[in-house]
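The structure under discussion appears below in the form of structure tokens.
The values are calculated or read from the model by the stated rules, or taken from the named source; none is laboratory data. Fair warning: this is a prediction, and the values are worked out from it, not measured in the lab. Neighbour counts run over all protein chains shown; Cβ positions are idealised from the backbone, glycine included. For the accessible areas, the whole protein counts, side chains as well, though only heavy atoms, and no ligand, DNA or RNA atoms are used. Shrake-Rupley method; radii C 1.70, N 1.55, O 1.52, S 1.80 Å.
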Amino acid sequence: QVEFVESGGSLVQPGGSLRLSCAASGIIFKFLGAAWYRQAPGKQRELVAAISNYGSTTDYADSVKGRFTISRDNDKNTVDLQMNSLKPEDTAVYYCNADRWAALKAPSTLTSWGQGTQVTVSL
């Protein structure tokens with residue numbers, strides 16, 4: 001059974017940093033790309049960052065480029081998201097997933113999701 005467990009979310013002030021972590025199980029993680037998504041209230045889930053199976057390729061939403069960094073550890077089956085210079089508009093529930101690269105770019109096609117982790121950026 002495929003499972004994703006996200007952690008690390010918290011309340012943080014604007015300009016602060018957080019590191020999110022996701023543990024994947026039930027899949028051969030090293031063969032798949034991995035990605036982080038977020039969903040704010042009243043909005044659709046959006047792709048934040050993606051990383052190829054061995055980490056050679058990364059892709060970021062324009063809104064987070066230069067502030068967020070995605071990384072992975074294939075020995076531990078984990079994918080992390082380092083978030084710096086956080087803004088109120090980064091407030092959302094953050095989710096991770098792993099699949100073929102094309103599927104990661106179309107999150108509506110992904111069927112297994114974890115509970116997510118809440119990130120709130122506020123004074």
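A few points about this structure:
- Net charge in the neighbourhood of Thr109 (other residues with Cβ under 15 Å of its Cβ; Lys, Arg +1, Asp, Glu -1) is +1.
- Cα gyration tensor, region 1-53 - rounded (a/c under 1.5), prolate or oblate: prolate
- The trypsin sites (Lys or Arg not before Pro) found in region 1-69 that occupy coil by DSSP, while having at most 10 further C-beta atoms within 10 Å, are Lys43, Lys65.
- Dipole magnitude of the chain about its Cα centre (Cβ charges: Lys, Arg +1; Asp, Glu -1), debye to nearest 20: 120 debye
- Formal net charge of residues neighbouring Lys65 (Cβ-Cβ distance under 15 Å; K, R +1; D, E -1): -2
- Label-point gap, in nm, between Glu46 and Thr58 - each point 7 angstrom along Cα→Cβ: 1.9 nm
- Cβ-defined net charge surrounding Tyr94, 15 Å radius [Lys, Arg +1; Asp, Glu -1]: +1
- Label sites at Phe31 and Thr120, each approximated as a point 7 angstrom past Cα along Cα to Cβ, lie 4.1 nm apart.
- Measuring nothing but protein heavy atoms, the accessible surface of the chain at 1.4 Å probe radius is 48 percent carbon and sulfur.
- Residue-averaged 222 nm ellipticity for the chain, from DSSP H runs of 4+ at -39500 (n - 2.57), nearest 500: -500 deg cm²/dmol
- Springs join every pair of Cα atoms under 10 Å in this Gaussian network model of the chain, and among Tyr54, Tyr37, Tyr94 the largest mean-square fluctuation is at Tyr54.
- Average accessible surface for the chain: 53 Å² per residue, computed with a 1.4 Å probe over protein heavy atoms with every protein chain in place.
- Cβ-derived FRET efficiency at R0 35 Å, Lys87 paired with Ser112, nearest 0.05: 0.75
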